[in-house]
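Notes to accompany the following structure.
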């Protein structure tokens with residue numbers, strides 16, 4: 001992945017394939033210090049996955065058991081993330097684009113999204129994507145809502161890269177995303193306003 005916004009984000013004003021970084025004054029506590037990958041952004045709204053909020057109470061083997069997915073492997077190295085506050089019983093896998101099935105949504109050249117039991121089975125058997133992030137739930141915005149939140153200084157926008165999306169340092173993703181923009185978290189103010 002490169003460090004420049006993808007063509008669709010720069011040419012049409014939409015943020016598909018970009019990261020949202022929650023500002024300190026974010027009014028919604030569900031998104032405090034969140035980093036969200038935007039999977040789809042069009043005139044009718046946006047959908048994304050929080051990539052830095054781990055769910056401690058659910059393990060990948062537990063999830064496989066709940067979904068009655070029988071497999072020899074019980075990988076416990078796959079962490080389950082809270083993808084957002086909407087439909088938290090629904091699972092999504094954000095992954096490297098070399099893995100593709102009929103139901104896979106290509107987000108960009110290097111990233112795709114799949115929401116089927118088949119990908120979970122493949123991940124458990126080490127035949128899934130090279131890089132992946134499993135999330136329960138998603139974040140969504142209605143028409144114009146995300147643009148309004150960005151204009152109100154609720155979010156910063158940054159290019160995505162593989163280490164931020166799929167890296168193991170879950171707790172460091174917010175700081176890492178800010179540093180990609182050349183911003184120190186210590187310099188951000190919790191006070192709303194415009195310069």
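The values are calculated or read from the model by the stated rules, or taken from the named source; none is laboratory data. Since this is a predicted model, take the numbers as computed values, not measurements. Backbone-built Cβ (ideal geometry, glycine too); neighbour counts: all protein chains shown.
A few points about this structure:
- Residue list for segment 160-188, filter: part of a loop (DSSP other than H, G, I, E, B) and more than 20 Å from residue 112 (Cα to Cα): 169, 181, 182, 183, 184, 188
- Among the residues making up segment 2-19, a single one is under 13 Å from the mean Cα position of the chain (by Cα) and either at pLDDT below 50 or farther than 13 Å from residue 40 by Cβ (or both): 19.
- Among the residues listed as 70, 89, 98, the single one being farther than 19 Å from residue 176 by Cα, loosely packed, with under 12 Cβ neighbours inside 10 Å and over 19 Å from the mean Cα position of the chain (by Cα): 70
- Qualifying residues in segment 162-174 (those that are in contact with a helix residue (DSSP H, G or I) (Cβ under 8 Å, 6 or more places away or on another chain) and buried (at least 18 other Cβ atoms within 10 Å of the Cβ)) - the one nearest to residue 23 (Cα to Cα): 174
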